[in-house]
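Participant: First the structure, which I've put down as structure tokens, then a few questions once you've had a look.
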Amino acid sequence: MILEARNVHCHYEIRGGLLGRRKGAVHAVNGVSLQLNDGEALGIVGESGCGKSTLGRALVGLEPLQKGEVILQGEALNINHRHEEGKSARRNLQMIFQDPVTSLNPRLTIFETLSEPMLVHHLCTKTNARDRVAELLKKVELGSDLMDRYPHAFSGGQRQRISIARALSLNPKVLICDEVVSALDVSVQTQILQLLQKLKKEEGMSLIFISHDLAVVRQLCERLMVLYLGGVVEQGPSQEIFSSPRHPYTQALLDAIPSLDPNHPPKLLKGERPSAEELPLGCSFRGRCDLADETCLNTPNLKSSNHGWACHHPLTPVKRS
Amino acid sequence: MTSPLLKVKDLSLGVKTSNHLLQLTDRVSFDIGEGEMVALVGESGCGKSITAMAIAGLLPDPNGVKIEGEVVFEGKDLWKGNPKDWQNLRASRLSMIFQEPSSALNPLMPVSSQMAEIFTLKGRPVDMQHLRRSLDEVGIPDPDRVLKSYPHELSGGMLQRVMIAMALLLSPKLIIADEPTTALDVTVQAQVMEILTKLQKDIGTAILLITHNLGLVAQYANALNVMYAGRIVERANTRDFLAKPLHPYSHGLLKALPRLDGTPLEAIPGSVPSPDKFSDGCRFAERCTHRKEACSQPPPWKVRSGNEDGGYACILEGER
Amino acid sequence: MRVSELTRRRWQNFRSLPRAYISLILLIISFLASLASPLWINDKPLIFSWKSEIYTPIFNYYPDEEFGGKFKTEANYRKLFENHKFLENVSWSIFPIIAHDPLEQNLTGEEPPPHAPSQSHLLGTDTHGRDVLARLIYGYRNGMSFSLLLTLITGTLAIVIGGVQGYLGGKVDFLTQRFIEVWSSLPFLYVVIAIGSFMGRGFTMLLIVMSIFSWIGLSYYMRGEFLKLKNQNYVLACRVAGISNRRIFFNHILPNALTPLVTFIPFAIIGGITSLTALDFLGFGLNPPTPSWGELLAIGLDNRFAPWISISTVMALFFALLLTAFVGEGVREAFDPKGGKN
């Protein structure tokens, strides 16, 4: 196991009034635990407000954790400390962001952006920096002649490749991808997914892939975690979850996707997502679930097995012929 | 055959830049019949959004855009007429919904005022009952609360529903929906599309759906037009298209779509050309696996066998 | 100096607005000329030859005795050049274009000052008999220098304080903000007058006093920029990559935060000139007899029968501010993401 998160809680306080009194809190992540194995890709899916982005940021230390810990290669990461330059434990966990436009400093050339992390961590010297950057660009299928250009000259897909190259420059063990293809066109999306698949295989990278798009996650990830309102509702091998989801929310998510088969129209999920400020008692999905009853007033626990779900009335498994 | 509600013929839009004219769309033609949902499908930079703006008469700077071709709505050519005609048409006969509901609504006005504005602009008395009913029809459970709220107090899905309600207030004949669900969660998307199609049936509104999501097209649209680099490369009704797409780009799009069943992806190599590099010949040729010499010439339009309305722009024939 | 492509593009956009470009050139030329004003506005000759020796009064000090006088104080060249005996020995001389010193009082002439414009005094003289044109140009030098220095100092203060506030956030931001609120409620004019009255009112003193108040507005702006920029993805990526706060602040955020600051600068300069002129007009600015536009305006106001004083000063003020405003417009155009006037 290369990365583990135990019982992570993140919440934001809402302050208001003249004296800035605490009015409440947004519970973005509520007791999420995850395990990532070496060379594996884990998908974290959910809709807006489920806490997947907050969780990703908490793992890399961009977001403070109120409770819980993150353990990378057996070493607990002290996330609430201000980062110090060159700290080696940090650099094994890198992140790529969603928006290609703001992911690169518009005033720096690609060479400068890519060489900076390496120079800071003494992974290369000023003399061989250009060679190293050329290598990185080659890994993401871009030509080294692009090194001295500025970000505005590149398309969204190319910028994402450059962001991936920057993350790779520190030779991380784990790469966290936060909606990295969501802002891209379908044809470009496919290219980036294929690139990530290649990197996973050739560099032996472990990936955490955060997305709202289940079909994309299907392509890339062996394991999958479904979040709803800050909690894990189902997790397990993605193939199993897709063919036979056990949690009603997972089923609802799959049903809502418009497929290319007109004979299978999307099924509607009733109701609205409750506010993350006031989490409902018991199962957070209770208000929208057709199978809900009194037992659901007790918060269900996530079964800790290879394929686990947090539900009192899990769906019957689909037998595969 | 009855004449279509909207007929776009050879619409070519160019923007004037410092040195020359940048041709963004090239002879775009398609029809929308009454009560139909027709999709305009393509990726970013294909020109679908600016075509939608041209039809709605919302081009950012009419003097900076050179327009050729016709946009005929209910028999009247909109670009040749008086600009005031647009004004009269909008909201009552022709309406538009946008991608980002939060930026399409004025953050400083409550929902009721913004909806009421539509009536006052048309010189009609404001009917609160009508407003309530329209919010009800888009599936909003508590219309009074929503009417009093400001946009920032409502969720994305709710705002989009409010936008749809506003678009439908005066029962237009055509709604242009520019990526209406792209910014929404998939479960909310399903709800919003459901509302759109229900209203389409109830009121008989036609919908021009601009999207890049082929799944939406498959589920909801009667017909589609595929755009690439400013041109329409294929047109068909949805059933025919899904059964047999004819243009290599359409093929590529379908193969590049990530599937829930885990079918491996096939990417289209290369990237979309930018408008200043558009060629006269087939613009997809450089990425096409079936590229031939003749592709440097403008591609011919071939009619789809079995359905005259459908067709594709390619020199290749039939089965692949 | 490496110029990024972005900067080059912005320069092109700036140049696409002719009035901005021309104004900038005019301002630079006029300012540099005013800095060199002792060379071309002076009552001393630039260079002359007397009894076959070369004298350069502007650069060297020659006592009265040198030319046959009785005193060790500096020779009065004006008197000398009116003296026949002296002139006999002068083979050639070159005088500055404007042969008046701004502090020199011309009390010769039939009528008392102020004198109307004439051949020797192109814009006339003020109530003390001093040449108006000379005072105008020296006043421009003083005002523009003051304003440029003021802008530089307040800009630096604003960046540092606003930047630290925005970047660190939290308690630092909160406490600094409270301090700024108190500080900005001090009545600026009274403080300037008070400090001026017991510390003296030199150029430097005035500069310091005005600086400690003027940075506040700009710091709000910088704080906002830093708050916004520190959440940009590329900054987050740097943090994840383990790059230190200091490096992020100076290499990543600061260059991008300065960009909107540049659009402010021309208007800050206008503000500086106006503030100094106002203070001088009220009599609380630079000490007399330092030439300044504010003082000229005050004199002009009191002597409306000598309109050449006020008219020339107002015109000078108008054009200086107009040109700077054009430059400001050009800068705004340059930074407009939609590009220059195409």
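The values are calculated or read from the model by the stated rules, or taken from the named source; none is laboratory data. Quantities reported herein were computed from a predicted structural model and do not represent experimental measurements. Reconstructed Cβ throughout: ideal geometry from the backbone, glycine too, with neighbour counts over all protein chains shown. The protein model used for the area step is the full one, side chains on, heavy atoms only, and it has no ligands, DNA or RNA in it. Shrake-Rupley method; radii C 1.70, N 1.55, O 1.52, S 1.80 Å.
Participant: For the list (1) open to solvent by 10 Å² or more (accessible area, probe 1.4 Å); (2) within 14 Å of chain C (Cβ to nearest Cβ); (3) not in a loop (DSSP other than H, G, I, E, B), I need the number of the one condition that residue A:98 fails.
Facilitator: (3)
Participant: Further question: Of the conditions (1) at the interface with chain C (Cβ under 7 Å from one of its Cβ atoms); (2) open to solvent by 30 Å² or more (accessible area, probe 1.4 Å), residue A:104 clears all except one; give me its number.
Facilitator: The one condition residue A:104 does not meet is (2).
Participant: Next question. For region A:148-180, give me the residue count where each residue is surrounded by fewer than 20 Cβ atoms within 10 Å (Cβ to Cβ), touching a residue at least 12 places away in the same chain (Cβ under 8 Å) and of a type in the set (A, V, I, L, M).
Facilitator: Qualifying residue count for the region: 0.
Participant: Kindly evaluate residue B:67 against the criterion of being open to solvent by 10 Å² or more (accessible area, probe 1.4 Å), touching a Ser or Thr at 6+ places or on another chain (Cβ under 9 Å), in a helix (DSSP H, G or I) and not small (Gly, Ala, Ser).
Facilitator: no
Participant: Still on this structure: Considering only residues that are at pLDDT below 90 and not β-branched (Val, Ile, Thr), look in region A:173-188 and name the one that is farthest from the chain's Cα centre (by Cα).
Facilitator: A:187
Participant: Are any of the residues in region A:101-122 hydroxyl-bearing (Ser, Thr, Tyr), modelled with pLDDT of 85 or more and not in a loop (DSSP other than H, G, I, E, B)?
Facilitator: Yes, because at least one residue in region A:101-122 is hydroxyl-bearing (Ser, Thr, Tyr), modelled with pLDDT of 85 or more and not in a loop (DSSP other than H, G, I, E, B).
Participant: Which of the residues belonging to region C:234-246 are open to solvent by 50 Å² or more (accessible area, probe 1.4 Å) and either under 12 Å from residue A:96 (Cα atoms) or facing chain A (nearest Cβ under 8 Å) (or both)?
Facilitator: Scanning region C:234-246 gives a single hit, C:239.
Participant: Checking the conditions here, which among B:235, B:283, B:291 is touching a Lys or Arg at 6+ places or on another chain (Cβ under 7 Å) and more than 9 Å from chain A (Cβ to nearest Cβ)?
Facilitator: Result of the check over B:235, B:283, B:291: B:283.
The rows are residues; the columns are (1) aliphatic (A, V, I, L, M); (2) closer than 27 Å to residue B:191 by Cα; (3) loosely packed, with under 13 Cβ neighbours inside 10 Å.
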| site | (1), (2), (3) |
| --- | --- |
| B:73 | no, no, no |
| B:86 | no, no, no |
| B:95 | no, yes, no |
| B:115 | yes, yes, no |
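Participant: For region A:85-95: of the residues being at the interface with another protein chain (Cβ under 8 Å from one of its Cβ atoms), at pLDDT below 75 and open to solvent by 50 Å² or more (accessible area, probe 1.4 Å), which is nearest to residue A:206 (Cα to Cα)?
Facilitator: A:87
Participant: Just a yes or no: is a residue in region B:182-193 more than 14 Å from chain A (Cβ to nearest Cβ) and open to solvent by less than 40 Å² (accessible area, probe 1.4 Å)?
Facilitator: No, that holds for no residue.
Participant: Another question, if that's okay. Take residue C:286 and tell me if it is away from chain A (no Cβ under 11 Å), in contact with a Phe, Trp or Tyr (Cβ under 9 Å, 6 or more places away or on another chain) and assigned to a loop (DSSP other than H, G, I, E, B).
Facilitator: yes
Participant: List every residue pair whose Cβ atoms sit under 6 Å apart, with the two residues 6 or more apart in sequence or on different chains, where the first one lies in region A:69-84 and is modelled with pLDDT of 60 or more and the second, anywhere, is among the charged types (D, E, K, R).
Facilitator: Qualifying pairs under 6 Å: A:69/A:6; A:71/A:4; A:76/A:69.
Participant: Restricted to region A:269-285, and to residues that are buried (at least 23 other Cβ atoms within 10 Å of the Cβ) and more than 9 Å from chain B (Cβ to nearest Cβ), which residue is nearest to residue A:29 (Cα to Cα)?
Facilitator: Looking at the filtered set, the residue picked out is A:284.
Participant: Among C:251, C:231, which is the only one that is within 13 Å of another protein chain (Cβ to nearest Cβ), farther than 24 Å from residue C:191 by Cα and crowded, with 16+ Cβ neighbours inside 10 Å?
Facilitator: That would be C:251, the only listed residue that is within 13 Å of another protein chain (Cβ to nearest Cβ), farther than 24 Å from residue C:191 by Cα and crowded, with 16+ Cβ neighbours inside 10 Å.
Participant: With C:176, C:156, C:151 as the choices, which residue is at pLDDT 80 or above, open to solvent by 60 Å² or more (accessible area, probe 1.4 Å) and closer than 30 Å to residue C:235 by Cβ?
Facilitator: Just a single option satisfies the conditions, and that option is C:156.
Participant: Please enumerate the residues belonging to region C:47-57 that are on the phi < 0 side of the Ramachandran plot, touching a residue at least 12 places away in the same chain (Cβ under 8 Å) and surrounded by fewer than 17 Cβ atoms within 10 Å (Cβ to Cβ).
Facilitator: C:47, C:49
Participant: Read through the list (1) away from chain A (no Cβ under 12 Å); (2) β-branched (Val, Ile, Thr); (3) buried (at least 16 other Cβ atoms within 10 Å of the Cβ), then give the number of the only condition that residue B:303 fails.
Facilitator: (3)
Participant: Still on this model: Do the conditions hold for residue B:249, that is, is it closer than 24 Å to residue B:54 by Cβ and either hydrophobic (A, V, I, L, M, F, W, C) or free of Cβ contacts under 8 Å to residues at least 60 places away in the same chain (or both)?
Facilitator: In short, yes.
Participant: Being of a type outside the set (Gly, Ala, Ser), touching a helix residue (DSSP H, G or I) at 6+ places or on another chain (Cβ under 6 Å) and at pLDDT 85 or above narrows it down to one residue among B:72, B:38, B:28, B:126; which is it?
Facilitator: Result: B:28 is the single residue among B:72, B:38, B:28, B:126 that is of a type outside the set (Gly, Ala, Ser), touching a helix residue (DSSP H, G or I) at 6+ places or on another chain (Cβ under 6 Å) and at pLDDT 85 or above.
Participant: Moving to a separate point now. Say whether the condition of being part of a strand (DSSP E or B) and more than 10 Å from every other protein chain (Cβ to nearest Cβ) is met by at least one residue in region A:153-163.
Facilitator: So far as region A:153-163 goes, no, none of its residues is part of a strand (DSSP E or B) and more than 10 Å from every other protein chain (Cβ to nearest Cβ).
Participant: Restricted to region C:260-298, and to residues that are more than 21 Å from residue C:192 (Cβ to Cβ) and open to solvent by less than 20 Å² (accessible area, probe 1.4 Å), which residue is nearest to the chain's Cα centre (by Cα)?
Facilitator: Filtering region C:260-298 for residues that are more than 21 Å from residue C:192 (Cβ to Cβ) and open to solvent by less than 20 Å² (accessible area, probe 1.4 Å), the one nearest to the chain's Cα centre (by Cα) comes out as C:266.
Participant: Same structure, new question: Of all residues in region B:238-258, which are among the hydroxyl-bearing types (Ser, Thr, Tyr) and either surrounded by fewer than 24 Cβ atoms within 10 Å (Cβ to Cβ) or more than 10 Å from every other protein chain (Cβ to nearest Cβ) (or both)?
Facilitator: Answer for region B:238-258, where residues must be among the hydroxyl-bearing types (Ser, Thr, Tyr) and either surrounded by fewer than 24 Cβ atoms within 10 Å (Cβ to Cβ) or more than 10 Å from every other protein chain (Cβ to nearest Cβ) (or both): B:238, B:250.
Participant: Further question on the same structure: I need the full set of residues from region A:112-147 which are more than 14 Å from chain C (Cβ to nearest Cβ), of a type in the set (Val, Ile, Thr) and buried (at least 18 other Cβ atoms within 10 Å of the Cβ), in order please.
Facilitator: A:133, A:140
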